Each structure stands twice: as structure tokens, then as C-alpha cells.
């Protein structure tokens with residue numbers, strides 16, 4: 001709805017209420033425009049439609065992939081989206097990612113925790129709500145600044161400028177963008193998954209990412225000790241998420257089914273199987289077993305049959321069963337096909353390195369069964385990108401017969417190679433990785449799980465080194481504030497970013513000429529006007 005229509009509705013409403021003294025239709029219209037999304041469900045419904053549109057667009061053109069960065073605080077998300085609008089003029093095909101790892105490491109009342117689902121489950125929907133609170137505030141702030149410019153143009157009698165600004169309000173692009181939110185392994189059974197999914201959706205999440213690990217043995221995807229669950233149990237959790245979406249009226253909500261099977265060599269359960277070749281039998285076929293056909297079983301043995309053979313799955317002292325080595329990729333393919341056939345919308349395959357052909361080798365097999373299968377891929381900081389890609393180039397050069405005698409493959413991370421042709425070729429492959437992988441391996445969405453965790457640590461280290469060293473205050477001014485001013489970073493006016501000007505607007509609405517406002521001549525933020 002356009003500014004003029006909001007204003008007309010508000011004026012009509014107030015005109016019928018003589019007792020509503022001191023209220024203006026313009027103030028009501030502006031406040032309504034500054035609060036476009038009234039609930040988290042409004043957000044989930046709006047952003048789900050965006051993701052569905054983007055998924056359809058990717059199916060037509062795989063160069064139209066999407067991206068996101070992981071955010072652990074609302075301010076980080078807000079500044080990211082403000083930066084998107086500043087640098088690219090649009091948020092198109094850009095999302096946010098909510099990482100369970102960062103919630104565990106940074107948002108738990110227990111303090112920093114490993115990524116093992118030990119943090120409070122309520123901290124996840126709370127962070128979804130926080131992210132959208134900050135994004136909605138960014139909308140209100142940006143519109144508020146336009147409204148102030150409209151008032152200024154009116155005061156100066158500049159009708160052309162006023163109309164231009166009103167048009168900017170009518171065409172305003174919201175900072176609210178989709179969030180893919182990590183629900184880990186569901187924090188319990190299917191009922192627990194459903195209850196948490198509802199909270200996350202009510203907070204605004206349109207896409208839930210759930211993994212096939214055992215909930216109480218959950219482990220970070222890039223660490224050892226991962227334990228998977230049989231397909232039927234995982235499908236029950238997928239259904240739980242779908243029911244949560246449907247109950248809340250988000251009919252096109254997105255479920256991202258993640259498999260950790262590539263690096264998971266253990267299972268807690270032997271799958272239930274009714275007949276040979278069913279999904280339970282296929283899961284069990286990967287178990288590492290001893291053939292005890294014709295032998296008497298020992299006390300406590302768990303036995304399965306394959307044809308005429310009687311097999312004893314190898315069980316560890318932890319009471320876990322192990323899979324045969326080298327079966328991870330086959331299990332990933334089966335996991336993905338079964339998840340898509342049972343209601344998942346997107347896939348996530350957790351790998352140990354960023355390698356286009358490794359990902360494509362699995363996706364090719366999946367797409368033989370389900371041609372429009374699409375992947376969400378973790379461009380993880382757990383990978384040493386420099387070393388991995390330099391080694392990939394080294395291996396290709398060696399296979400092609402190029403001279404690699406000047407390189408030590410195990411030490412390619414060394415700065416001594418930074419100016420080499422090998423390093424330059426590796427960097428170019430890193431630069432084009434997302435584009436190449438999206439076209440070759442069916443990756444619809446690229447995300448970095450923990451980028452802002454690392455950027456916060458790096459920038460803080462640099463500031464501490466300068467500020468507490470010989471540079472003193474210049475360490476902050478030269479490396480932070482001066483760059484903020486010259487790069488047009490919005491939060492250099494931190495009072496404005498925190499809502500001070502919006503508060504002044506509300507004081508005008510509420511108290512009129514009696515308002516005691518903060519944005520007067522003595523506000524030091526005026527020093528940043530230029």
C-alpha cells in the first residue's frame with residue numbers, strides 16, 4: 001500500500017474519534033509504514049515466498065544461486081543487510097543463516113559450549129526473534145530518515161523533492177530477508193522437534209535445517225564422533241517440522257534435510273526392516289558385520305540376516321554400531337533421496353573439504369532419481385581454504401606433468417608461495433567456487449556458518465594491538481572511526497542507529513511542543529553530518 005493510501009486511511013480513522021486529541025493521521029501512517037511486519041508469522045510467510053521464488057529461479061538458471069552469512073546477534077544481521085543495500089542496492093538472493101554452532105558458542109547461559117546441542121533450545125528461537133527485531137528496526141530507521149527529509153522539503157516549499165521522497169517511501173525495500181535456521185537434530189524426539197520448530201517459525205523462521213544425527217549424541221559436522229539415526233526416525237522429524245509449518249499457516253515453509261553420513265561412521269540403532277530391500281534393510285546393509293552363519297551366538301549378540309547369511313553387526317563398548325569404511329558417500333546419496341521423497345525441500349551434505357567434484361559426484365547420483373534436487377552448502381571456516389585449493393591445483397598440475405618440484409605439498413599454506421602462479425590459480429578457484437559449484441553440483445544456496453565470529457575476533461585483536469600499544473587513541477581513530485566515516489558505515493552515527501532519532505519523532509507525536517528531544521544542536525552526532 002502506498003504512502004498516500006496509508007495517510008488517507010489514518011486520517012479517516014482519526015476524524016471519526018473526536019476524543020483522540022493531538023493525534024495526526026500522518027504520524028499514524030508513518031508508524032504503520034515503519035512496522036510493516038506485525039508478527040513473526042508475517043515474516044515467515046513473506047520470506048518463505050521469497051525462497052520459493054528463488055528456488056524456482058535457480059531451477060531455470062543455476063547461475064542464480066543464493067548466499068548468506070551466519071549471524072549470532074541482531075546487530076550483526078542488521079549491519080549486513082544495511083551493507084547489502086548500500087553496496088548492491090538490493091537484497092535479492094541474499095539471506096541470513098542462524099548457526100547452531102554460534103548459538104552454542106556465544107549465546108548460551110552456560111557460557112561457550114561446543115556444538116553438541118547442550119545449549120538451551122529456547123536460545124535458538126530467541127535469536128531468530130532478535131535478528132528480525134533488528135532488521136525491522138533498520139526499516140523503521142531508514143523510513144524515519146525519509147520522513148524527516150519529506151518534512152524538510154515541505155518546509156522549504158520544494159514540492160518536486162517531496163514527491164521524489166514519497167516515491168522512495170512507496171518503493172522502499174525492506175531489510176527483512178529469509179533466515180535459514182539451524183534446529184540441530186531437533187533437541188530430542190519428533191515431538192520435541194515439532195515444539196521447537198513452532199517456536200522458531202513463530203519467531204519468523206521460514207526455513208529450518210535439521211540433521212540426521214542422534215540428538216543426544218549430536219556433534220559438530222566437522223568433528224569426529226558423529227552418530228546417525230535410521231531413516232524412519234529422521235523422516236518423523238521432517239514430518240514434525242512440516243506439521244509445525246502447516247499448523248501455523250506457513251504452507252510453503254522450507255525444510256533443509258542435512259546428512260552427516262559422509263563423516264559419520266557410527267549408528268546408535270539398527271534400523272527396523274520389514275522386507276529385504278526396504279529403507280531399513282538398505283540402512284543396515286552398510287553395517288560392518290561378522291558372518292556367524294552356522295555358529296552359536298554369544299549372550300547379548302544382536303543379529304541380522306542377509307539372504308541365507310546370519311550376521312553380527314560390530315558393536316562398540318559405547319553400545320554403538322559401526323558402518324563399513326568407505327560407505328559414507330553411498331549413505332549420503334541414500335539419505336538425500338529418501339529425505340526428498342519424504343517431504344524435505346533442500347539438501348545439505350556436510351563434507352570435510354570444499355571440492356566441487358566430490359560434491360558433484362554425489363549430487364549427480366541424487367539427481368538421477370530427483371532431477372531438481374538442490375543443495376545448501378556450508379562454505380565452512382572449518383576448512384583451510386588456502387591449503388585445500390593450493391593442494392587441488394598442485395595435484396592437477398602434477399597429473400598434467402607440470403613441474404611442481406618447487407613446492408612442498410604439505411606446506412602450501414606458507415607465505416613463501418603467495419606470489420606463485422599456483423597460489424594465484426588457487427585463489428581464482430576460491431573466488432569462483434560458488435559459481436562453479438552451483439552450476440556443476442546443484443548448489444542453490446551457499447552459506448558461511450561462522451564468518452562474523454571470526455571477523456569479530458580478528459578486528460578486536462587488531463584494535464587491542466594498536467590501542468593498548470604505542471598508537472593509543474590513534475589506533476581506534478585511524479583504523480576504525482576514520483574508515484567508518486569515509487566508507488559511509490551507518491553505525492558511525494551510533495545514536496541514530498540505536499534509535500535516538502526515532503525516539504525524538506515519537507516524542508513529537510506524543511508530547512508535541514513539550515517534547516524534550518535528544519537531537520538538538522548540542523548532540524555530538526552532528527559532528528558526523530558531513
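Restricting to the stretch 490-505, and then to whatever is without any contact (Cβ under 8 Å) to a residue 40 or more places away in the chain and either under 22 Å from residue 28 (Cβ atoms) or out of contact with any helix residue (DSSP H, G or I) (no Cβ under 7 Å at 6 or more places or on another chain) (or both), can you tell me which residue is surrounded by the most Cβ atoms within 10 Å (Cβ to Cβ)?
The qualifying residue surrounded by the most Cβ atoms within 10 Å (Cβ to Cβ) is 504.
Could you tell me which of the residues 467, 476, 453 is under 30 Å from residue 524 (Cβ atoms) and either free of Cβ contacts under 8 Å to residues at least 12 places away in the same chain or within 26 Å of the chain's Cα centre (by Cα) (or both)?
The unique qualifying residue is 467.
Look at residue 394 and say whether it is in contact with a strand residue (DSSP E or B) (Cβ under 9 Å, 6 or more places away or on another chain) and either closer than 26 Å to residue 262 by Cα or at pLDDT below 95 (or both).
No: the conditions fail for residue 394.
The conditions are (1) out of contact with any strand residue (DSSP E or B) (no Cβ under 8 Å at 6 or more places or on another chain); (2) surrounded by 15 or more Cβ atoms within 10 Å (Cβ to Cβ); (3) closer than 30 Å to residue 356 by Cα; (4) touching a residue at least 60 places away in the same chain (Cβ under 8 Å), and residue 435 fails exactly one of them. Which is it?
Checking residue 435 against (1) out of contact with any strand residue (DSSP E or B) (no Cβ under 8 Å at 6 or more places or on another chain); (2) surrounded by 15 or more Cβ atoms within 10 Å (Cβ to Cβ); (3) closer than 30 Å to residue 356 by Cα; (4) touching a residue at least 60 places away in the same chain (Cβ under 8 Å), the one that fails is (2).
Test residue 255 against the criterion of being in contact (Cβ under 8 Å) with a residue 24 or more places away in the chain and in a helix (DSSP H, G or I), and give yes or no.
no
Quick grid of which residues meet (1) in contact with a strand residue (DSSP E or B) (Cβ under 7 Å, 6 or more places away or on another chain); (2) under 20 Å from residue 322 (Cα atoms); (3) in contact (Cβ under 8 Å) with a residue 12 or more places away in the chain; (4) crowded, with 23+ Cβ neighbours inside 10 Å:
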{"residue": "248", "(1), (2), (3), (4)": "no, no, yes, no"}
{"residue": "266", "(1), (2), (3), (4)": "yes, yes, yes, no"}
{"residue": "269", "(1), (2), (3), (4)": "no, yes, yes, no"}
{"residue": "279", "(1), (2), (3), (4)": "no, yes, yes, no"}
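For the stretch 86-102, which positions are farther than 26 Å from residue 210 by Cβ and touching a helix residue (DSSP H, G or I) at 6+ places or on another chain (Cβ under 8 Å)?
Correct list: 86, 90.
Could you list, in sequence order, all residues of the stretch 271-310 that are more than 43 Å from the chain's Cα centre (by Cα), modelled with pLDDT of 90 or more and under 22 Å from residue 334 (Cα atoms)?
None; the set is empty.
Please state which one of 149, 130, 109, 142 is in a helix (DSSP H, G or I) and over 28 Å from residue 46 (Cα atoms).
Selected residue: 149, the only one of 149, 130, 109, 142 that is in a helix (DSSP H, G or I) and over 28 Å from residue 46 (Cα atoms).
If a residue must be touching a helix residue (DSSP H, G or I) at 6+ places or on another chain (Cβ under 6 Å) and surrounded by fewer than 18 Cβ atoms within 10 Å (Cβ to Cβ), how many such residues does the stretch 347-380 contain?
The number of residues fulfilling the criteria is 5.
Taking the criterion of being surrounded by fewer than 19 Cβ atoms within 10 Å (Cβ to Cβ), under 22 Å from the mean Cα position of the chain (by Cα), in contact (Cβ under 8 Å) with a residue 60 or more places away in the chain and under 23 Å from residue 89 (Cβ atoms), would at least one residue in the stretch 154-171 satisfy it?
No, there is no match, as no residue in the stretch 154-171 is surrounded by fewer than 19 Cβ atoms within 10 Å (Cβ to Cβ), under 22 Å from the mean Cα position of the chain (by Cα), in contact (Cβ under 8 Å) with a residue 60 or more places away in the chain and under 23 Å from residue 89 (Cβ atoms).
Just the residues that are assigned to a loop (DSSP other than H, G, I, E, B) and touching a helix residue (DSSP H, G or I) at 6+ places or on another chain (Cβ under 9 Å), please, taken from the stretch 319-333.
320
The values are calculated or read from the model by the stated rules, or taken from the named source; none is laboratory data. Note that this is a predicted model, so its numbers are computed, not measured. Neighbour counts are summed over all protein chains in view; Cβ atoms, including those assigned to glycine, are modelled from backbone coordinates with ideal geometry.
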